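The values are calculated or read from the model by the stated rules, or taken from the named source; none is laboratory data. Quantities reported herein were computed from a predicted structural model and do not represent experimental measurements. Every residue, glycine as well, gets a Cβ built from its backbone with ideal geometry; the counts of neighbours run over all protein chains shown. Just so you know, the surface numbers come from the protein's heavy atoms only, side chains and all, with ligands and any DNA or RNA stripped out. Shrake-Rupley method; radii C 1.70, N 1.55, O 1.52, S 1.80 Å.
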Amino acid sequence: MRKTKVGQTIAFCRLSICRASARNDRPQKAMVCPTALCLLACLPLHAQPPAFPQRVQFVIDAYAHPKTAGPLGYLNIAAKLKLHEDAALCSRRLEELLEAGPTGDMFWMFPITAVAYLDQGQLSASARQALRRSFQTYMPYRGDTENHWLLYYTSLYLMAQLWPDQDGDQWYTGKSSAENLREAAGWIESWVRLTTTRGQGEYDSPHYMGLFLLSMSYLAEWAKDPAMKQRATMMLDYLTADYAAENLDGIFVGAHSRVYDRPAVEKWFNVSSDFGWVLFGLGRPMEPPGSYVVCYLLASAYQPPLILQRIATDREHPYTHYELKRTRNRWRFFDELHGPVYKTTYVRREYAVGSDQGGTLQPIQEHSWDVTWSVPDPRGVHNTLFTVHPYSSLRELQTYFTFPPDAGMADVVMSKKSYDSPDKLVGGSPYEQIFQDQDSVIVLYDIPAETRFPHINGFFSKDLAEVREDPSGWIFARGGDAFIACRPLEPYSWKPIEGGGRRLFSPYLKNGMVVQVAARSEYRDMDAFRRAILALTLEVHLTGTPGVRFRSLRGKLLEFTYGQTPRVNGTALDYAHWPLFGGPYVEAAVDSEQLILKYGKMRRTLDFRRLTVTDTQ
């Protein structure tokens, strides 16, 4: 078969590219080759992406064939074993790593588990013995988050399965293989049940989604128990559907339980970009592809079914998507362990608008609402707009963590340095409430005077165009092909942001923002959009309790008073009957343990009570 010019270019790039070293934020060091990135750099921005098997191979090759100097890491070893290459080198290096002593707790467990299962007789006897001994002498910490626990129990389950009939003195837990397997299986099954009835706790994180996906990929590929294997494979569909309906060109949009500072504004700079490219051929992966996606591919390399591919990529018609999630475990100050999280996400080809109801639903890294617009190449682009109240409080930390109060704040700031900063752009607040209808958002703040940081911050990107501060009080701007109108409810000033852009600073306690977005194609130009916005009814009340009455561009009357249920055309939102998933593509009722995927006449039903998958068309 004759090679195309694109194919020849790709082949040349694969031969000539230098492999970059690992990023500092990886749980373990691994030399990597961004072969997939070379592929993308050689293709036009809107070219057809390579086929799924090619995308898989590019990422694995990046880890198996590093050309940079330096010793191999665990994932380099795992990738080589996957390709059945350099067994002697892998054995020697594995012994060196284990002799130096394992570190990283559950973040050590998942790469070493991959090494153990990809061995398949390739490692030397001494390397295999060193691996077995490490689970006797090293005691990994279970962690304190949902992704930690899932990584821990997935790895423990698989290692107990690999080494059955071992007594407790052969395990760091002091429990036998059977006891370890039973404990791990019980936790995994309970997590699946809770997720499919009341929603995920560490929900929709564009970073941590990779850890949930790789855990299920491990179990789908390596679990021997048919029920566990089926459950994990179905959860791959479930978790992928959660992302597929809320992505724009591979970027995870909407409200997130956890996001880091840079990725909150540079939305491409997230693990979700790796999975968007690998699973659906969307966007561009990280530079280089991250360790989470290579682990996913080293195990099952599960390709989503056609219906999920369609859901992830079809943005021909705008739609609103609803989700119910749950808060992280609340250890103090609440009667119920989990509170509800009500999510709304509006998606169309040009942009997405997403939100939750506000409040401190997750500690430290919550991201409650934003507007995200589509761009041809998102690398280095800040294609988003949002506001936050920079809340910092020991009460928040004591709600979600069990550590004693004395050093709590210092311990958190050590690893999450922006948490106690008045300038921060990440985090929830108990004094923020949010209401969204389609592409309209109303955000209200009622901040007590004694609050540590009594002001709000608004992120206005360096990549906004046609920014105009109107005498009416509205701020108009264009992001890509999205026209955006923002109406701060109180006076504000601008502060520069390192790296570009401006921070809207408004030091008023009763405050808020009204945001209306529209597609550029809906109006002749920005002036026409401005006139349409200025013609809308807007009533603002800030004396006493903040409130807004706003007629949206979509013709709906939106009424929202702080502390009260929002109303659309006079009807209150029905939080009591909020679906676990609702919208044109994904449907699930609370407590159902079912998920229905919909696209055209295609249907795929996941029934976790019976562990069945039914496809109809």
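See the values below:
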item: Above-threshold pairs, the threshold being 25 Å between Cα atoms, out of LYS224/LYS601; LYS175/LYS224; LYS325/LYS598; result: LYS224/LYS601
item: Angle between the chain longest axis and helix 226-244 axis [Cα atoms, degrees, rounded to 10]; result: 30 degrees
item: Heavy atoms of ARG531: accessible area, 1.4 Å probe, square angstrom to 10; result: 130 Å²
item: Whole-angstrom gap from segment 299-321 to segment 483-516, using each part's C-alpha centre; result: 35 Å
item: Mean Cα-pair separation over length for segment 481-541, i.e. relative contact order, pairs under 8 Å, 6 or more apart, %; result: 40 percent
item: Per residue solvent-accessible surface (Å²) - segment 472-617, probe of 1.4 Å; result: 47 Å²
item: Heavy atoms of SER374: accessible area, 1.4 Å probe, square angstrom to 10; result: 30 Å²
item: GluC sites (Glu not before Pro) restricted to segment 487-594 and DSSP loop, no more than 16 other C-beta within 10 Å; result: GLU498
item: Theoretical gain in end-to-end length, PHE52 to ASP470 [0.36 nm per residue, Cα-Cα removed]; result: 145.6 nm
item: Segment 339-395 shape via C-alpha gyration tensor axes, a/c threshold 1.5; result: oblate
item: Residue-by-residue Karplus 3J(HN,Hα) for segment 358-374, coefficients 6.51, -1.76, 1.60, Hz, glycine and proline x; result: x, x, 8, 8, 9, x, 6, 10, 4, 10, 8, 7, 5, 10, 10, 10, 6
item: Sites ASP377 and GLU179, calculated FRET efficiency, Cβ-Cβ separation with R0 60 Å, nearest 0.05; result: 0.70
item: Centroid-to-centroid separation of segment 536-596 and segment 249-269 [C-alpha atoms, Å]; result: 24 Å
item: Degrees separating the helix 5-16 axis from the principal Cα axis of the chain, which is the longest one; result: 60 degrees
item: Cα shape, segment 292-415, gyration tensor, a/c 1.5 rule; result: prolate
item: Residues of segment 187-226: accessible area per residue with a 1.4 Å probe, Å²; result: 26 Å²
item: Accessible surface of the chain [probe 1.4 Å, protein heavy atoms]: carbon and sulfur percent; result: 51 percent
item: Anchor LYS416: aspartates and glutamates whose Cα lies under 16 Å away (excluding residues fewer than 8 positions away in-chain); result: ASP25, ASP144, ASP261, GLU366, GLU396
item: Per residue solvent-accessible surface (Å²) - segment 334-465, probe of 1.4 Å; result: 32 Å²
item: Local net charge near ARG604, Cβ-Cβ under 10 Å (Lys/Arg +1, Asp/Glu -1); result: 0
item: Other-chain or far-sequence residues with amide H under 5 Å of VAL341's (modelled H); result: LYS325, ARG326, THR327
item: Nearest 10 degrees, 0 to 90: helix 271-280 Cα axis against the chain principal axis; result: 80 degrees
item: Global form of segment 273-343, assessed from the alpha-carbon gyration tensor, a/c cut-off 1.5; result: oblate
item: Which labelled figure in [x] 42, 28, 24; [y] 47, 40, 20; [z] 34, 31, 28 is semi-axes √(5λ) of the Cα gyration tensor in Å, once derived from the coordinates; result: [x]
